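Peer 1: Please read through the structure below; I'll follow up with questions.
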Amino acid sequence: MPYASSGFVIKHDLENEYALVDLGNAPDVSLEEQLKGWGISLENISLVALTHLHSDHAPPAGIRTITESADCPILLSQTGWEHQGDERVVEMKSLLEKSGRMELLDSAGEMECGNWSVSWRPLTHAVTGQPVFGGNTAFRINTVIVSGDGPIWELFTEDNKPFFIQLREIRSGPWL
Ligand SMILES: [Zn+2]
């Protein structure tokens with residue numbers, strides 16, 4: 001379910017848990033209020049995945065909320081991390097680092113994270129004015145694919161077949 005621009009909430013099918021992909025960008029409504037509107041409290045957030053650190057996807061206020069109030073792993077690609085550098089990002093980076101819960105990812109991979117099955121792939125995005133492959137990350141979290149920014153067609157390559165094949169396997173698994 002989308003909860004604001006540039007952010008999504010994914011409900012786990014079996015557990016009372018939610019994953020966030022990006023943190024939305026609603027200037028007058030806090031992340032906590034947005035979630036409350038869906039009947040979700042921060043305690044039920046068990047995973048956060050950031051596609052990249054542009055402030056419409058990872059606004060400082062949302063990062064502050066997540067790092068201070070939620071108790072969950074925060075996933076972000078190493079490339080996305082390295083290719084950000086404006087002033088607002090410096091503040092966000094320090095909050096993320098201090099949280100001790102950030103996990104920097106290789107550009108592509110997969111992992112089990114608590115009750116979540118997570119896979120990710122790089123997409124091109126202009127993060128500091130220049131297009132960078134891996135500047136944005138597409139995530140597959142259980143059965144949902146969210147790409148953030150970046151051309152989704154870049155996912156449809158031979159190398160990325162497992163990304164979709166695994167999705168089919170998961171869909172026929174315990175989630176349905
Ligand atoms: Zn962006």
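Peer 1: Which of the peptides 74-80, 27-33 is most tightly packed, and how do the rest follow, going by the mean number of other Cβ atoms within 10 Å of each residue?
Peer 2: Numbers: 74-80: 22.4, 27-33: 13.4.
Packing proxy ranking, top to bottom: 74-80, 27-33.
Peer 1: Oh, and also: Run the helix sum for the chain: -39,500 (n - 2.57) per DSSP H stretch of 4+ residues, divided by residue count, reported at 222 nm to the nearest 500 deg cm²/dmol.
Peer 2: Details: 5 runs with 46 residues, N = 176.
It comes out at -7500 deg cm²/dmol, rounded to the nearest 500.
Peer 1: May I pose another question? With an 8 Å cut-off on Cα pairs and a minimum separation of 6 or more residues, tell me the relative contact order of the chain in percent. Before the final figure, lay out the partial values.
Peer 2: Working: 330 pairs, mean separation 29.3, N = 176.
This gives 17 percent for the chain.
Peer 1: Once you list every other residue whose beta carbon is under 13 Å from the beta carbon of Gly148, what net charge do they have if Lys and Arg are +1 and Asp and Glu are -1? Write out the running numbers ahead of the final one.
Peer 2: Details: positive: Arg121, Arg140; negative: Asp22, Asp56, Asp149, Glu154.
Residues close to Gly148 contribute a combined charge of -2.
Peer 1: Same structure again: Amide H to amide H, which residues 5 or more places from Leu105 or on other chains are under 5 Å from it, using H placed in the peptide plane?
Peer 2: Leu76, Ser77, Gln78
Peer 1: Let me ask something additional. Restricting to bridges with both residues inside the chain, how much of the DSSP beta-bridge set is antiparallel, in percent to the nearest 5?
Peer 2: Numbers: 23 of 33 bridges.
Of all bridge pairs located within the chain, approximately 70 percent are antiparallel.
Peer 1: Could I ask something else about it? Which aspartates and glutamates does Lys93 reach when only Cα atoms under 16 Å apart count, and residues fewer than 8 places away in its own chain are ignored?
Peer 2: Asp22, Asp56, Glu68, Glu82, Glu103
Peer 1: Find the percent of Cα-Cα distances in the chain that exceed 26 Å, and round it to a whole number.
Peer 2: On the way: 3653 of 15400 pairs.
Tail of P(r) above 26 Å: 24 percent of Cα pairs.
Peer 1: Could I ask something else about it? Counting DSSP beta bridges with both partners in the stretch 1-86, what percentage is antiparallel, nearest 5?
Peer 2: Beta bridges within the stretch 1-86, antiparallel portion: roughly 50 percent.
Peer 1: Still on this model: Calculate the dipole size of the chain relative to its Cα centre from +1 charges on Lys and Arg beta carbons and -1 charges on Asp and Glu beta carbons; express the result in debye to the nearest 20.
Peer 2: On the way: 12 positive and 25 negative charges, 54 e Å.
Computed charge dipole of the chain: roughly 260 debye.
Peer 1: Can you tell me which lysines have their Cα less than 29 Å from the Cα of Lys161? Leave out same-chain residues fewer than eight positions away.
Peer 2: Lys11
Peer 1: Ranked highest first by average number of other Cβ atoms within 10 Å, how do 156-165, 7-16 line up? Write out the running numbers ahead of the final one.
Peer 2: Details: 156-165: 11.6, 7-16: 16.3.
Answer by packing, highest mean first, reads 7-16, 156-165.
All of the numbers you see were taken from the coordinates with simple rules; none came from a lab. Because the structure is a prediction, the values reported are computed rather than measured. Here the Cβ is made from the backbone with ideal geometry for all residues, glycine too, and neighbour counts use every protein chain on show.
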